Amino acid sequence: MDNLFIVMPAYNEEDNIEAVIKQWYPILKGKGEKSRLVIADSGCTDRTHEIIEDLKKNGYPNIRTFSKGDKQHGPKVLNLYKYAIVNGADYIFQTDSDGQTNPDEFGKFWDNRNEYDVVLGYRPIRGDGKDRKFVENVVCLIVRLFFGVRVQDANAPFRLMKTGVVKKYIGRFPKDYNIPNIIFTTYFVYYNEKVLFLPITFKPRQGGKNSINVKSIVKIGIKALGDFAAFRKGMKK
């Protein structure tokens, strides 16, 4: 059976993390014996890590955590991917720990894993607000202008990927790069990997406070323009 690593970055998610784990953990059932739910919770200042460890000891033994390192989302994602590669994952599924995604929609992604190298979610409707939908539309436009590829959603945290495909590109990223999934999506399409986009629902945040506001997104976006230019120089078919 295929080994699946479900990976999640987390930052101060004490209001959400228990419910999210209990929703996603059953997805591991019926997968390979090495399958894991891996959460990067470094930098948390609340009870997120404590809650995860309690669950691990009480009925959820296939949880693993990263509790050291950068608190930023992007570096956590890269570390999670690297962990999955080293520890025998056949497939990596990345989502977030804030309860905005729906585990019931995972099955249609898994069912397409043999035909496609990468199955990416896209969010026709975003429950987290029109401003974030606008930002996503701008990101997709910039990706098209910089790299010449069309994507329906560059950064959705609902993505199933063959580990070998992730491994092909992960060495191109600085270890502290903050928006790797946008560039992964770009690479997958630019280099003609077998990619399928499927619609997903995207709920409002289920609890707690989002650590990244629109002002922060704008700052990240301005820096990203220079980063995109650097990535583009290194891209050759």
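Can you tell me which residue within the stretch 48-76, out of those that are farther than 18 Å from Gln23 by Cβ and over 18 Å from the mean Cα position of the chain (by Cα), is least open to solvent (accessible area, probe 1.4 Å)?
Glu53
Mind listing just one residue for me: the one in the stretch 13-44 that is in contact with a helix residue (DSSP H, G or I) (Cβ under 7 Å, 6 or more places away or on another chain) and open to solvent by 50 Å² or more (accessible area, probe 1.4 Å) and, of those, nearest to Asn3 (Cα to Cα)?
Ranking the qualifying residues of the stretch 13-44, first place goes to Gln23.
Just checking, how many residues over the stretch 155-178 are in a loop (DSSP other than H, G, I, E, B) and in contact with an Asp or Glu (Cβ under 8 Å, 6 or more places away or on another chain)?
Final tally of qualifying residues: 4.
Of Glu14, Glu33, which residue is more than 21 Å from Val119 (Cβ to Cβ), outside any strand (DSSP E or B), touching a Lys or Arg at 6+ places or on another chain (Cβ under 9 Å) and touching a residue at least 12 places away in the same chain (Cβ under 8 Å)?
Selected residue: Glu14, the only one of Glu14, Glu33 that is more than 21 Å from Val119 (Cβ to Cβ), outside any strand (DSSP E or B), touching a Lys or Arg at 6+ places or on another chain (Cβ under 9 Å) and touching a residue at least 12 places away in the same chain (Cβ under 8 Å).
Could you check the stretch 183-220 and list, in sequence order, the residues that are within 18 Å of the chain's Cα centre (by Cα), open to solvent by less than 40 Å² (accessible area, probe 1.4 Å) and modelled with pLDDT under 95?
Phe202, Ile217, listed by residue number.
Let's see how each residue does on (1) touching a residue at least 40 places away in the same chain (Cβ under 8 Å); (2) under 13 Å from Asn181 (Cα atoms):
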{"site": "Lys71", "(1), (2)": "yes, no"}
{"site": "Leu80", "(1), (2)": "yes, yes"}
{"site": "Asn87", "(1), (2)": "yes, no"}
{"site": "Pro103", "(1), (2)": "yes, no"}
{"site": "Phe109", "(1), (2)": "yes, no"}
{"site": "Val118", "(1), (2)": "yes, yes"}
{"site": "Arg123", "(1), (2)": "yes, no"}
{"site": "Arg150", "(1), (2)": "no, no"}
{"site": "Ala156", "(1), (2)": "yes, yes"}
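Out of all the residues in the stretch 124-134, is one or more within 16 Å of the chain's Cα centre (by Cα) and buried (at least 16 other Cβ atoms within 10 Å of the Cβ)?
No: zero hits.
The values are calculated or read from the model by the stated rules, or taken from the named source; none is laboratory data. Just so we're clear, the structure is a prediction, and the values are computed from it rather than from any experiment. No Cβ is skipped: glycine too gets one built from the backbone with ideal geometry, and neighbour counts run over all protein chains shown. Side chains included, ligands, DNA and RNA excluded: accessible areas come from the protein's heavy atoms. Shrake-Rupley method; radii C 1.70, N 1.55, O 1.52, S 1.80 Å.
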